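A short reminder: the numbers here are calculations on the coordinates, not readings from a lab. Everything numeric here is computed off the predicted structure, so don't read it as measured data. Please note: Cβ atoms are built from the backbone with ideal geometry, for glycine as well, and neighbour counts cover all protein chains shown.
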Amino acid sequence: RKEVEQDPGPFNVPEGATVAFNCTYSNSASQSFFWYRQDCRKEPKLLMSVYSSGNEDGRFTAQLNRASQYISLLIRDSKLSDSATYLCVVNRGNFNKFYFGSGTKLNVKP
Amino acid sequence: DVKVTQSSRYLVKRTGEKVFLECVQDMDHENMFWYRQDPGLGLRLIYFSYDVKMKEKGDIPEGYSVSREKKERFSLILESASTNQTSMYLCASSDRDRVYNEQFFGPGTRLTVL
């Protein structure tokens, strides 16, 4: 079983839509959680960390459910520039080792 | 502006050649990582280093070695390149002593082994 699993998509949504992605992780000892964004042919960049109490950054909201071992990302009022692949990342508590999901592709269309 | 640089964006090598991929970071980070990224498989950790001359195997170290002689530089070596090592290689760095530590990635090297 993979450490981190995501629906690969693609999610095709119109501008202004709200879209949500989920990600599940297999190891209950995981301690820190992140969403990264990767544009086509570019390197991944941190979008936001995901804290136990949930957190919001503008149009983006991240939630963590430890009991069910999943992480979610909600994007409100989608923009064309949100089109990218979103990577779910988990750190098991060994601060040096990260596990990446294979990514969920989002296409926002006019 | 934080920066991780990689020696080449694109590289074409022949089977059996020795290949060196270089990565340099200017953020004084202790941790450095080498990943490969393949469609449908996501990023997979090859090796990481948490200090100069220290290294640990990741999930797919076979066929690779690494070197970290200076804090800012982490090299990935393919001793004898094979076609199944054709991939995108990404280097990253991060602080060591925080639970929520962001990884900063280089632009990647797309390696083709013929």
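Shown here for segment B:5-84: trypsin sites (Lys or Arg not before Pro) in loop regions (DSSP other than H, G, I, E, B) with at most 12 other Cβ atoms within 10 Å, namely B:Arg9, B:Arg14, B:Lys18, B:Lys53. Among the cysteines of chain A, A:Cys40 have no other cysteine beta carbon within less than 4.7 Å of their own. At an R0 of 25 angstrom, the distance between the Cβ atoms of A:Ala67 and B:Asp97 translates into a FRET efficiency of 0.30. Modelled this way, with points 7 Å down the Cα-to-C-beta line, the labels at A:Arg41 and A:Asn107 are 1.8 nm from one another. Note on segment A:54-110: Cα Rg divided by 2.2 N^0.38 Å, N the number of residues, gives 1.30. Once the Cβ-Cβ distance of A:Ser53 and B:Asp28 is raised to the sixth power relative to R0 = 35 Å, the FRET efficiency obtained is 0.65.
Compared with the rule-of-thumb size 2.2 N^0.38 Å for a compact globular protein, segment A:1-60 has a Cα radius of gyration ratio of 1.28. When all alpha-carbon pairs of chain B are counted, what percent fall beyond 16 Å? Across chain B, Cα pairs with separations above 16 Å total 56 percent. Each label point was placed 7 Å from the Cα along the Cα-to-Cβ direction; for B:Ile77 and A:Asp7 their separation is 4.6 nm. Normalised Debye scattering of the protein assembly as shown at q = 0.11, 0.12 Å⁻¹ gives log10 I(q)/I(0) of -0.55, -0.65, counting only Cα atoms as equal scatterers and leaving out solvent.
Computed from the alpha carbon atoms alone, the convex hull of chain A holds 97 Å³ per residue.
With the cut-off at 1.5 for a/c, could you classify segment B:15-64 from its C-alpha gyration tensor as rounded, prolate or oblate? In terms of gyration-tensor shape, prolate. Taking Lys and Arg as +1 and Asp and Glu as -1, the other residues whose beta-carbon sits under 14 Å from that of B:Asp38 total +3. Loop-located GluC sites (Glu not before Pro) in segment A:1-76 (DSSP state not H, G, I, E or B) with no more than 15 neighbouring Cβ atoms inside 10 Å: A:Glu15.
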